Each structure stands twice: as C-alpha cells, then as structure tokens.
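Here is the structure we will look at.
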Amino acid sequence: MQKAAQDKYLPKTNETLPHYISEKLPAHIQLGGEPSNWSVKEVGDGNLNLVFIVAGTEKTIVVKQALPYVRAAGESWKLSTKRAFFEYNILALEARFAGQDLVPEVYFYDEEQALCAMEYLSPHIILRKELMAGKQFPNLAEDIGRFLARSLFFTSDLGMNAEEKKALVSKFVVNDELCKITEDLIFTEPYYDAELNDWTSPQLDEDVKKVWQDEEMIQVAMRYKYKFMTEAQALLHGDLHSGSIMVADSDTKVIDPEFGFMGPMAFDIGNYIGNLFLAYFSRPGWQSEEEECSLSQNWLLEQVSKTWQVFVAQFTQLWADKAQGEAYPVAIYQQGLGQAALTRAQQSFFETLLEDTLVNAGLEINRRIIGFAGVADFKEIADADLRAECERSALKLARELIVNARQYEDLQSVARYVQHCNKS
Ligand code: SR1
Ligand code: MG
C-alpha cells in the first residue's frame, strides 16, 4: 500500500511543527494552549540536525530531526536520516544503564520523520559555552565519571551476558555512516593534506606540515583507527565532547548520542578528556588576566584527573558487585584464583585503558585543530596570532599523548606535562 503523503519524510518548519506535534505527543505531555499559539524556534547550531524549541503555555519541549545531509557542509554532503534511530535507541540504553538523571527524557520517536521529541533542559547550557565563559561546575567530574563507568561497564562483556551484548553489536554495527565520519575526520584527514582540513593559516602552516611528516605519530593514529573499527568493547556515546553535554549549577545531562556504536571504551573517555584539554589551552584567548586564567586552567586539569578517578572507582565497584559477563569469569577469579589475582587483572585492564584513553585524547585534539569541525573554544578567539599560539601548545600535548602515552602512569603526571606545554 502507498504511504499517505503526510507520513513521508519532510523536514519540519516552524509552521508545520505544532500541528504535527499535537497529533503525536503522548497524552501525559501537555504543552498547554492552542498549537497555533505555540512558540517555535529553530535553534540547531550543531553540525548535522534541525533542533526546535517548542513552547506552549504550560510546558516546553525540544524536537530534533535529522536532515538528509550534513548541515554544516550543505546539501552536497549527503547523509541518511538513519542517525535518529541510533540517537533514540542509545538515549534509551543510556537512561537504563547510566541513569535517567544523566540524559534527557524522550517523549516520542518517529522513525519515518527521523525525529525525536524530548525534554527541554532548562536552565542548562552547553558545557563548551560555559567553559569558554570560565564557569565551573561542582558535580561535573562525578557525573561524567559515573556516566562513563555505568554506560561502558553494563554494555561490555563484564556487565552484560554475551547474547545480549552481541545483539547490541549487531544492532549498532549498522551506524556505519556516522562511524565513517569519525574514521575520516578523526583518524585519517588530519594526517594528510585533505580537502576539508581547516587550521589557523598561515600561522600554523608549518606545524601542520610537520604533523603530516610525523611517521611516528601517524603510525599510532592508524593503529588506533584500526582499534576504533574493530574493537566492539562497549556501547559508546561516540561523540562525547563538551558540545554534547549540558550543565546547570549542579546537574549534568549528556545529549546527542547519534554517533553511538559498540566500540573501544577509551574512545569516549579520551574524547571527553581531549575536549577538557582543548578548553585548557584556549583559556588565554578568553582570560587575559594571568591569575584568573591559571585558576581556571587548574580547575580543568583537576576535572581531567577527577573524572578518571571516579570512572575507575565506579567501574571497579560495578565489577565487584555486578559482574555477569563472560569476560574475566567469576569461576576463574572469585571462585578460583582469588581476589588478589582479580585485582592484578583489573590493574592491567586500567593500565591499557589509560594508555588508549590518552592516545584518543591526543587524536581528538589534533582533529579539532587541523581537521574539519573545529571547536568554538579556539575558533571564536578573534586574534588569530593568539589563537595559533594556544593551538600550538595543544598540538604539542597531542603529540606527546599519542606517541608517549605508555609512559604516563596517571593523570597527575600528564597534568605536569600539560603545564610544561603551557609555558613553552
Ligand atoms: C560532519 S560532522 C562533524 C563532527 O560533528 C560532530 O559533532 C562530530 O564530532 C563530527 O565529527
Ligand atoms: Mg552532536
């Protein structure tokens, strides 16, 4: 049977959205007033989608719709609208495993329209914007550490039985288009003269050429691209940068998991930490007063180590209390070799994870400075010489993290190197 014309995918507009929503919203979500009087604003400033804020007299909601192309690049860069399916399904899994308090509530999903209606987060603001304004959040490390520990543990072979875990692998392996974007933009393009690359030129021209000739660093980048493509360890958010997190004074919400799939845990952790380092190196562009600038940088460094500490502590606790996967079987450890052997196995697990996290953080820094999709932390520093100076220090750290990750036993020693990059 032919689909009714009104069911076919069509990008929504401020005019068409109210009527559509009024028909779709579940009965317990009432915006109040007549749909024709609802206020609708399209506020999407990300790279991919339409995002509307719809307000009635009683309630406000957010509606996110995938476009059939990359918004930031224009209609010539085609992208299927399938990503709304991944976003909807991953939000549900994150609510189940990480906790509903850490992600927005979803009201409905329309597969045909590639659209999700969800909670309007207020007074939350995008974390990146708040970090650029020099703001600090007392619960941030605790919340993101918990998000990472729970979402990664419960969807791995430690916290989930093999059958359910393999079903997740097969459900999300088809997020191939967005994975390909990550494979190209993070792991490949920054390492050669790719058309979409976009750095502060001419100030960084020589620095970027050096990157393209740096075989030692590029070989590691290629090794981690392969890991990204082949290691289905746990369900990733897939794009956990500071633009995918919204914060209020003491509340944190992780949004936008459309890049999610079953991949290496260190990718999510490294992505987040890499963005804290980007914020760190951008500070001189936002705070010219030295003391204020270094206070804010110190807070960012504390966030890096605290997030990792919370992650490790909570993941270890879950491993003790909730292990039900096939990996590191209970029969071998709790009933066999004993607790000391399990502790040694965990130490080695976290050592590898820290190394991989640092490499991924370095790769994230490089891509945001050399590649397509730079970050506002740097892009919005108007003085290009100052911006390039900040970016050069970040590139120095990125190289160190990628090439020498194994030499760092903890994030405190990484912090000392960061401070050294800042001064040189
Ligand atoms: C074409 S999409 C560019 C970037 O935006 C998203 O937020 C991801 O970070 C992606 O790499
Ligand atoms: Mg996004």
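The values are calculated or read from the model by the stated rules, or taken from the named source; none is laboratory data. All of these numbers come straight from a predicted model, not from anything done at the bench. Note: ideal-geometry Cβ built from the backbone for every residue, glycine included; neighbour counts use all protein chains shown. These area figures cover heavy atoms from the full protein model, side chains too; ligands, DNA and RNA do not enter into them. Shrake-Rupley method; radii C 1.70, N 1.55, O 1.52, S 1.80 Å.
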Checklist entry - What number goes with the only condition from (1) in a loop (DSSP other than H, G, I, E, B); (2) modelled with pLDDT of 95 or more that residue 319 does not pass? => result (1)
Checklist entry - If you go through segment 153-183, how many residues are within 16 Å of ligand 2 (Cβ to nearest atom), open to solvent by less than 60 Å² (accessible area, probe 1.4 Å) and not aliphatic (A, V, I, L, M)? => result 4
Checklist entry - Can you find even one residue in segment 8-28 that is in contact with a Phe, Trp or Tyr (Cβ under 8 Å, 6 or more places away or on another chain) and surrounded by fewer than 14 Cβ atoms within 10 Å (Cβ to Cβ)? => result yes
Checklist entry - Can you tell me which of 264, 284 is of a type outside the set (A, V, I, L, M), surrounded by fewer than 23 Cβ atoms within 10 Å (Cβ to Cβ) and away from ligand 1 (no atom under 16 Å from the Cβ)? => result 284
Checklist outcome for this item: Within segment 198-207, restricting to residues that are among the acidic types (Asp, Glu) and open to solvent by 70 Å² or more (accessible area, probe 1.4 Å), the one that is nearest to ligand 2 (Cβ to nearest atom) is 198
Next on the checklist: For segment 63-86, which positions are over 19 Å from the mean Cα position of the chain (by Cα) and β-branched (Val, Ile, Thr)?
Outcome noted: 63, 81
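Residue-wise test of (1) more than 16 Å from ligand 1 (Cβ to nearest atom); (2) outside any helix (DSSP H, G or I); (3) under 19 Å from residue 85 (Cβ atoms).
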position	(1), (2), (3)
13	yes, yes, no
27	yes, yes, no
36	yes, no, no
46	no, yes, yes
Item to check | All positions within segment 364-389 that are assigned to a loop (DSSP other than H, G, I, E, B) and either open to solvent by 10 Å² or more (accessible area, probe 1.4 Å) or more than 14 Å from ligand 1 (Cβ to nearest atom) (or both) | outcome: 372, 373, 374, 380, 381, 382, 383
Checklist entry - Looking at 289, 195, which one is away from ligand 1 (no atom under 16 Å from the Cβ) and either modelled with pLDDT under 95 or open to solvent by 50 Å² or more (accessible area, probe 1.4 Å) (or both)? => result 289
Item to check | Selection status of residue 344, within 15 Å of ligand 1 (Cβ to nearest atom) and either out of contact with any helix residue (DSSP H, G or I) (no Cβ under 6 Å at 6 or more places or on another chain) or under 20 Å from residue 400 (Cα atoms) (or both) | outcome: no
Item to check | Criterion: within 30 Å of residue 121 (Cα to Cα) and within 16 Å of ligand 2 (Cβ to nearest atom) - qualifying residue of 244, 250 | outcome: 244
Next on the checklist: Please return the ranges of strands (runs of 3 or more DSSP E) entirely within segment 48-98 where 1 or more residues are of a type in the set (Asp, Glu) and either away from ligand 1 (no atom under 14 Å from the Cβ) or on the phi < 0 side of the Ramachandran plot (or both).
Outcome noted: 74-78
Next on the checklist: Any residue at all in segment 409-416 that's over 16 Å from residue 280 (Cβ atoms), surrounded by fewer than 21 Cβ atoms within 10 Å (Cβ to Cβ) and not hydroxyl-bearing (Ser, Thr, Tyr)?
Outcome noted: yes
Checklist entry - For the subset of segment 401-411 comprising residues that are touching a helix residue (DSSP H, G or I) at 6+ places or on another chain (Cβ under 6 Å) and outside any loop (DSSP other than H, G, I, E, B), which member is nearest to residue 302 (Cα to Cα)? => result 411
Checklist outcome for this item: For segment 368-389, pairs from a residue that is over 16 Å from residue 47 (Cα atoms) and among the basic types (Lys, Arg) to a residue that is modelled with pLDDT of 95 or more and not in a loop (DSSP other than H, G, I, E, B), with Cβ under 7 Å and 6 or more apart or across chains, are 387/285; 387/378
Checklist entry - Do any helices (runs of 4 or more DSSP H) entirely within segment 130-189 hold 1 or more residues that are in contact (Cβ under 8 Å) with a residue 12 or more places away in the chain and closer than 30 Å to residue 317 by Cβ, and if so, which? => result 140-154, 162-172
Checklist entry - Has segment 43-56 got any residue that is exposed (fewer than 15 other Cβ atoms within 10 Å of the Cβ) and over 22 Å from the mean Cα position of the chain (by Cα)? => result no
